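Notes follow once the structure below has been shown.
What follows is calculated from the coordinates using simple rules that are stated; it is not laboratory data. As the structure is a prediction and not an experimental result, all values here were calculated from the model. Cβ: placed from backbone, ideal geometry, glycine included. Neighbour counts: every protein chain shown.
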Amino acid sequence: MLEFGGKAALEGKQETPRDTWRAVKRGLLGRCPHCGEGKLFRAYLKPVDACSSCGEEMLHHRADDFPAYLAIFIVGHIVVAGFMATDTWLVLESWQHLMIWIPVTIVLTLAMLQPIKGGVIGLQWALRMHGFGGESEEPMLAEPAYEDAR
């Protein structure tokens, strides 16, 4: 029977657990999820290849579109709630709502994208996903099981 732990359990290695919440918090702050000292981003949404402080490689991450989905989800709830609350106590024309809520949506989305991406990278690091655990990301090839149909 296999124990929970995947490949490390199969090989008999016991890896030290990583603090998930601390790694996510460091990522949200734009810091290396490993040491919390080095910068996580070299540009707005471009992560560094490796931490300048501890040397932890960050090029493994696969955040893809998940930060954008989270930002849309969060900003959508804030904007819709704000629109509905505003509409109950202020009488505004449609163009006035557009002038308020389109800039709010854009600013909130742009402000949230980098921290959310950092949090996703921190989560991936803490859970040892996508090469952060030391394993290669190359798929393990098994020998094909062909049966002779004689």
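General observations
- A crude spin-label estimate for the pair Leu70 and Lys25, with each label 7 Å from Cα along the Cβ direction, gives 1.6 nm.
- In segment 18-126, taking the dipole from charged Cβ atoms about the Cα centre, the farthest positive-side position among Leu108, Leu28, Val79 is held by Leu28.
- Arg31 long-range amide H proximity, modeled H, under 5 Å: Leu40
- Averaging 1/r over each pair of different alpha-carbon atoms in segment 18-126 and inverting the result gives 15.2 Å, the Kirkwood hydrodynamic radius.
- Fewest neighbouring Cβ atoms within 10 Å first, the residues Ile102, Ile116 line up as Ile102, Ile116.
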